[in-house]
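Here is the structure we will look at.
The values are calculated or read from the model by the stated rules, or taken from the named source; none is laboratory data. Bear in mind that the values here come from a model prediction, so they are computed numbers and not experimental data. All Cβ positions, glycine included, derive from the backbone under ideal geometry; neighbour counts span all protein chains shown. The area values use the complete protein model at the heavy-atom level, side chains included, leaving out ligands, DNA and RNA. Shrake-Rupley method; radii C 1.70, N 1.55, O 1.52, S 1.80 Å.
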Amino acid sequence: MMIPLKDKIETELAKASGISIISLVHDLIIYAHSIRSSDIHLDPAEKSLRSRFRVDGVLRDTFSFPKHIHSEIISRIKILSGLRTDEHQAAQDGRFRLNVEGQSPLDIRVSIAPTYYGENAVLRLLADRAENFTLETLGFSEQNRSIIAKAVNRPYGMILVTGPTGSGKTTTLYTILKMLNTPQVSIVTIEDPVEYAVEGVEQIGVNPRTGLTFAHGLRSILRQDPNIIMVGEIRDAETAGIAINVALTGHLLLSTLHTNDPATTLPRLLDMKIESYLVASTVNVAVGQRLVRKICPNCRRQEKITAAQSKNLAEIFGLQPPHDRAMLYSGKGCADCNYSGYRGRIALHEIIEISEPIREAILRKATAREINSIAIAQGMITMMEDGLEKALAGITTIEEVLRVGHE
């Protein structure tokens with residue numbers, strides 16, 4: 001499917017005139033979806049409109065469109081998204097759905113903004129792939145899976161997932177929701193926006209224009225008699241305060257926070273004016289994660305670790321040197337992975353379970369560094385340890401682990 005579509009787009013672009021904009025936009029989206037793109041960037045330049053696809057977290061140049069069809073392509077996207085075609089000086093956000101043959105419909109989120117060379121467009125392809133994930137396929141180790149399982153079996157409290165934008169936090173929350181989704185419980189979510197439809201779950205999208213913020217939506221949700229609540233993100237002190245009270249009053253609450261690691265999550269809640277005793281008594285676990293690219297299984301190759309490499313790895317990761325029979329892996333590059341050597345992504349994790357010593361540390365308002373030290377002493381697998389384990393297992397490369405380790 002992939003090659004004929006690419007050829008079709010290039011053939012259409014080669015025409016001197018009579019380019020079908022409707023077909024071009026449709027084929028561009030379907031082609032991007034077929035090669036597992038999460039985003040399409042349409043960037044105007046002085047003499048062309050460049051398209052780039054984000055595949056496995058990395059942007060790649062794909063096509064260059066002639067400048068004379070730039071405005072027509074943007075207009076077509078606006079029409080599909082229900083946006084104003086006569087507005088060219090303001091940013092606009094929209095959404096539409098595209099049917100994909102033999103698959104579930106593809107939801108597409110659109111952002112258009114005026115730039116120096118005209119309007120650009122970024123299309124987020126919200127493929128409903130979360131339904132196929134399990135904690136194991138997301139990359140959770142056996143030890144970390146058991147910690148999550150223990151936390152979700154508690155009737156109340158908070159499960160927090162942290163990491164930078166695009167680190168798979170929402171997918172992790174959806175996967176946990178899927179584990180919890182039974183006819184015996186009521187699950188309600190408030191999200192910005194709703195990314196995947198989950199059968200049996202009441203999902204609400206925030207809408208600032210009508211005053212439906214995370215905080216106001218969370219108050220409304222409590223009148224819906226839920227057992228489990230998912231809040232897309234705790235962004236401010238108001239939302240944090242309500243979320244803590246919800247978790248205290250017999251509800252299981254799942255949410256995300258933008259912090260660098262799980263240890264920082266706990267002091268961050270204190271910064272949001274939450275009392276330390278409330279944080280200590282409501283948070284069950286804090287999960288930190290980053291995404292790394294997986295080695296393409298079709299062109300994966302291995303080589304034995306040398307003594308020098310083993311020593312270097314031990315120094316970089318602060319661990320015991322890998323055993324002398326250990327292997328390192330990489331992808332040579334093939335048609336399957338578009339010659340990148342990588343295909344797909346997996347998460348590296350670091351999970352802090354709120355034990356009694358950590359609870360005491362929160363109560364005395366300990367620093368993130370001290371909380372992290374206590375967690376390591378209690379056997380927490382650090383993100384770098386998790387990454388090294390995955391690299392030695394041939395799932396990813398050392399380079400990828402080091403790349404996200406510096407984020």
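Remarks
- Segment 1-91: radius of gyration and largest Cα-Cα distance (Dmax), Å: 13.1, 38
- Of all accessible heavy-atom area on segment 187-245, the percent that carbon and sulfur account for (1.4 Å): 45
- Anisotropy class of segment 1-156 from Cα gyration tensor, a/c 1.5 cut: prolate
- Radius of gyration over Kirkwood radius for segment 282-397, both on Cα atoms: the Rg/Rh ratio is 1.10.
- Loop-resident trypsin sites (Lys or Arg not before Pro) (DSSP state other than H, G, I, E or B) in segment 348-407 with no more than 13 further Cβ atoms inside 10 Å of their Cβ: R364, K365.
- Rounded to the nearest 10 Å², the accessible area of V283 at probe 1.4 Å: 0
- Dividing the convex hull volume of the alpha-carbon atoms in segment 63-219 by its residue count gives 176 Å³ per residue.
- Of all DSSP-defined beta bridges confined to the chain, some 70% are antiparallel rather than parallel.
- Distant-in-sequence amide contacts of V100, defined by a placed amide H-H separation under 5 Å and a gap of 5 or more residues or a different chain, comprise L106.
- Close amide H partners of T85, meaning residues 5 or more places away or on another chain with modelled amide H under 5 Å apart, do not exist here.
- Per residue, the convex hull volume that the Cα atoms of the chain enclose (Å³): 163
- Convex hull volume of the C-alpha atoms in segment 203-287, normalised per residue: 96 Å³.
- Given K365/K390; K15/K47; K8/K78; K67/K294; K169/K311, the pairs whose alpha carbons are separated by over 25 Å: K365/K390; K67/K294; K169/K311
- Phi-based couplings in Hz for segment 389-397 (Karplus 6.51, -1.76, 1.60; Gly and Pro marked x): 4, 6, 5, 5, 8, x, 7, 9, 10
- Rounded if a/c under 1.5, otherwise prolate or oblate - segment 50-116, Cα gyration tensor axes: oblate
- Classification of segment 87-126 by its C-alpha gyration tensor yields a prolate form. The axis ratio a/c (a ≥ b ≥ c) is 1.5 or more, and a/b outweighs b/c.
- Computed with a 1.4 Å probe on the full set of protein chains, the accessible area for H216 sits at about 90 Å².
- Note, ³J(HN,Hα) from phi for segment 64-72, Karplus 6.51, -1.76, 1.60, rounded to Hz, x at Gly and Pro: 10, 8, x, 4, 5, 9, 3, 5, 5
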